[in-house]
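Input: a single structure, listed below in structure tokens.
The values are calculated or read from the model by the stated rules, or taken from the named source; none is laboratory data. The structure displayed is predicted, hence computed values, not measured ones. Cβ coordinates were reconstructed from backbone atoms using ideal geometry, including for glycine residues, and neighbour counts include every protein chain displayed.
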Amino acid sequence: MRFVTNLLLMFAVALAFGFGLSWFALSDGRFFGVTQIGPWTIWREAGSPQPDPYSRAYIARSGALQLGTSEGLQFTASVDSDGRPLDRACRYRIDGKTPVAAFWTLTARAPDGSLITRPDGPTALSSRHIARANDGALELYISRTLAPRNWLEITGDGAFTLALNLYDTSSISGAGVATPTLPAIIREACA
């Protein structure tokens, strides 16, 4: 009887460890194909013709269409530059420069992937419809309350993620390419 109990216990521990490690690999991914640049993360192989097994599992789990490697890159952030989770009750300033790209968009999404912008307002900020600082840097605002300059109004409560899509870019693809600089996400105030 003791042998059967130990065998069942060992089996339960192995299952818990295996499923726990799989969940960690697909949600965090730092050791399994994700590149972290400040608060931004990217699954490098997600759009390649032959993605690694972890990227393939991430694509299947997220259910989202991925940009091909020749089309562009998608960076996501669920924390600010200080490591705090993004919260819809706060106002955030996206400050800095994007890597060289023909076009980019910035969207705000709920954890389930749905857009959280005002239904009758713009769904994203883009490189073609923003005012830049004199040095070419961005100054974007994401919040529920009115903000100056380039503002994306969000709705609701709770956590959210930002997705920065760079189209027609060569950032972090290929040998010898320097790590790109991405804009900082700065929490300014919370309601």
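For Val100, the criteria (1) out of contact with any Phe, Trp or Tyr (no Cβ under 9 Å at 6 or more places or on another chain); (2) at pLDDT 85 or above; (3) β-branched (Val, Ile, Thr) hold in every case but one, which is (2).
Would you tally the residues in region 120-163 being among the acidic types (Asp, Glu) and closer than 22 Å to Val79 by Cβ?
The number of residues fulfilling the criteria is 3.
If the condition is being at pLDDT 85 or above and either of a type in the set (Ser, Thr, Tyr) or part of a loop (DSSP other than H, G, I, E, B) (or both), then region 55-88 contributes Thr76, Ser78, Asp80, Ser81, Asp82, Gly83, Arg84, Leu86, Arg88. Selection of region 152-170 for residues being surrounded by fewer than 17 Cβ atoms within 10 Å (Cβ to Cβ) and either within 19 Å of Thr181 (Cβ to Cβ) or not small (Gly, Ala, Ser) (or both) yields Thr155, Asp157, Tyr167, Asp168, Ser170.
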